Each structure stands twice: as C-alpha cells, then as structure tokens.
Amino acid sequence: MKTTMGNGFPATAAHWLATLPTDFLASLTTAGAVLGVAIAIEARVPHARAPSAKHAWFNVRYMFAMLVLLALLRPFALGVALGITQTLGGGWVTFREGAAGWCEAFAAVLLTTDLLEYLFHRAQHRFAVLWRMHELHHSATHYDVTLGYRHFWLEPLIKTALLYPLVGIVFKTPTGVGMAVGMVFLVNHHVAHMNLRFSPRRFTLLVSHPQYHRLHHSRHAADYNRNFCDLLPLWDVVFGTLHRPRPDEFVEIGLDSHAAPRSIGDALLWPWRRESRASSAASGPAATAEAAVSGLAERR
C-alpha cells in the first residue's frame, strides 16, 4: 500500500519535491564546473572569432532556467523510460566479468549511444516538429562553449524518455559504465562548442572538435546537412554527411533568416514564439509546417 502524508499528498510526490533542490544543485554544480574550465581555456587561447559577452551571458541565463525545468520534469521522463524498459525487458546482451568485460561494455555503449545521437540529430533536421525546437540551438550567431546549453529544454527530456532507454534494453552493463560514457559525452559536448582557432592536421576524423562541429552550424547553404555526429565522425563517413573543414576555415554561424530569441522567455517558448512570428513572413525552415515538410527543414 502506498504511504501518504497526513494531507493525502502521495509520499512519492513528497520525496520528489524534497529532492528537487538537490537534483538542481547537482546539475548546476556539474555544468558550472565543466563550463568554468572551458571558459577559462577559451580565455587563454586564440579565438576563431572575437568573443561576445552578451551572447555568452544570454546562454548562461538560459542554462539556469533550463536546468530548473529539467529538475522539475526529469522524473517524469525517467518514469517513461522505466516503463519502456520494464515493458520490453532489458539486458539482451551481457558482458564478461572483470576489466575486459567492462571495457567491452564501455565501447559497446559508447558506440551505440553515439549512433543514436547521430540518428536523432538527423531527425531534428528532417522533421518539422523537432526542427522547431532544435532551431533554437542554431539561432546563435556566436560560437563558444555556452552554445552547448542553448538547446530547447524539451529535447533532453525526449532523449531521456525515448532514446537512452534503448541502450538499457539492449545491454546489461557493469557498474560504472553508464556514468563513464556520460562523462565522455559531457566533456565532448563542451569541447565541440568551444571558440578555438584549432585546425588539427592529423586524426581530424577521430573525434569531433570545434572546427568540425562549427561547420555544422554554418549559415552557408553549401554546408547544410553536414557533420551531424556528436562524438565520432565515423557516422558522418558511413552515412555520407561528412564535410571535412579546410585549414583555417571558421565559418559564420546562425540561421539564414537571422531569427533569434529576444529574451529568456522567448527561448523557453521558442517553437511557439517562432511559429507565431513566422506566420506573418516566411523565413527559414521553420517558417511554416508546409515549408518544413517540403524539405526546407532539412536545409542544415
């Protein structure tokens, strides 16, 4: 029987409310620590473009608001994920015990997660409903590490609820593998968005790097639908979406429509605010659902 408080409020809900501050502070501390290190590095190395304090401050304020929303809504996404795994079962593939099995599990989970991230990213540029959200990320006109947090808040919840459970269904992983893989993606997500004048001459297709991912954000039509990978350019090679940047190629970024949120409220309601503005003047892939379906939404 489910325990309830004296006023009838479910104990599970009370527990959720009690842990909200802790969850929020943990997310804020992790994000702040990694972001702080990345900003410090950006400040001490040559920039691909002049830094923009206004742009960075907007993204940091949006990050704070987004983390609050995620702390509130993540339990619901986790509930959906748990329901999916309980329905479909989990751990179809197991691994050997010991260090060798742990390394095998790490490699398998890393590759599978990265492939899912690649495919979801392709979907974000292909389907209107997803592009309307993802367009917020592409609306930035300055490239720096804070851009990594300029994602519409519903996107990580969709991944938590529907994408990442697929990994748990397929693999039964040893303790610590999920956390280790998560840390790799966390660090990579920050590094890939850093404002660095860095053009590697060797191993350019080993992992994503700032110049490689910056090209994905290009506002030039010739660069659209390229470099979708999260971590491994391998997927861009396999699926034919690779565009290897030239030495010293650091493109201008943003939407060809120049659409951008005017406030934090605009960003938090971006798909609906963007839609209402686009209805009066067609501009860019998310201007109308019809335009998106016709192929404009896949222009990036």
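Can you sort C103, C229 so the residue with the fewest Cβ neighbours within 10 Å comes first?
On the way: C103 14, C229 26.
By the 10 Å Cβ count, ascending, the order reads C103, C229.
Where does the stretch 224-271 land on the Kirkwood hydrodynamic radius, alpha-carbon pairs, in angstrom? Can you show the working numbers first?
Details: mean 1/r = 0.0740 Å⁻¹.
This gives a value of 13.5 Å.
Taking the square roots of five times each eigenvalue of the Cα gyration tensor of the stretch 16-298, the equivalent ellipsoid has semi-axes of 29, 23, 21 Å, listed largest first. Each Cα pair under 8 Å and six or more residues apart adds its separation to the average, and for the stretch 16-298 the resulting relative contact order is 24 percent. Charged neighbours of L119, selected by a Cβ distance under 11 Å, balance to -1 (K, R count +1; D, E count -1).
Here, each number is a calculation from the coordinates, and none is a lab measurement. Note that the structure is a prediction, hence the values are computed from the model and not measured. Cβ: placed from backbone, ideal geometry, glycine included. Neighbour counts: every protein chain shown.
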